[in-house]
Amino acid sequence: MENKTPKNSYIVTYRDPLDSKVTELKANRVEDSSLGLTFVAVSDFVFEESGLVVDPAAEDLKRRFEGVKTLHLSLYSILSVQEVGAGRGLRFKRSKSNLVLMPTSEKRP
């Protein structure tokens, strides 16, 4: 008999750098990126197979990420990460709490 622990999955909402649209992606893994502290690695994507109803947006997303092993997102493009499931919570190996947003030279009203 197998002892299966409940597994969490994550719904990552981010602003797509290609077209600036808000995109939602479901994945089983969200962790530190090898690109540095300001990036998060999203992998092991989950695409729902809902039977008879075909969602064109979901199919486009599935085709787009078909050959992608890991998506490295900038912290500044991520809008939210929703944790769904009943397993252990999301933990990062390196603390991202010390990141500081540097002011730009743009004057704001």
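Here is how the numbers come out for the structure above:
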quantity	calculated
Unique residue being of a type in the set (S, T, N, Q), out of contact with any Phe, Trp or Tyr (no Cβ under 8 Å at 6 or more places or on another chain) and part of a strand (DSSP E or B) when the list is S34, S43	S43
Residue identified as touching a Lys or Arg at 6+ places or on another chain (Cβ under 7 Å) and closer than 14 Å to S77 by Cβ among V22, V46, V40	V22
Failed criterion for V68 (all others in (1) modelled with pLDDT of 90 or more; (2) surrounded by 14 or more Cβ atoms within 10 Å (Cβ to Cβ) hold)	(2)
Subset tally (residues that are loosely packed, with under 10 Cβ neighbours inside 10 Å and within 12 Å of Y10 (Cβ to Cβ)) for region 21-59	0
Pairs where the first residue, in region 61-88, is in a strand (DSSP E or B) and among the hydrophobic types (A, V, I, L, M, F, W, C) and the second is modelled with pLDDT of 90 or more and loosely packed, with under 12 Cβ neighbours inside 10 Å, C-beta under 8 Å, 6+ apart	L79/V22
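The values are calculated or read from the model by the stated rules, or taken from the named source; none is laboratory data. Not measured: the values here are computed from a predicted model. Quick reminder, even Gly has a Cβ in these numbers, built from the backbone with ideal geometry, and neighbours come from all protein chains shown.
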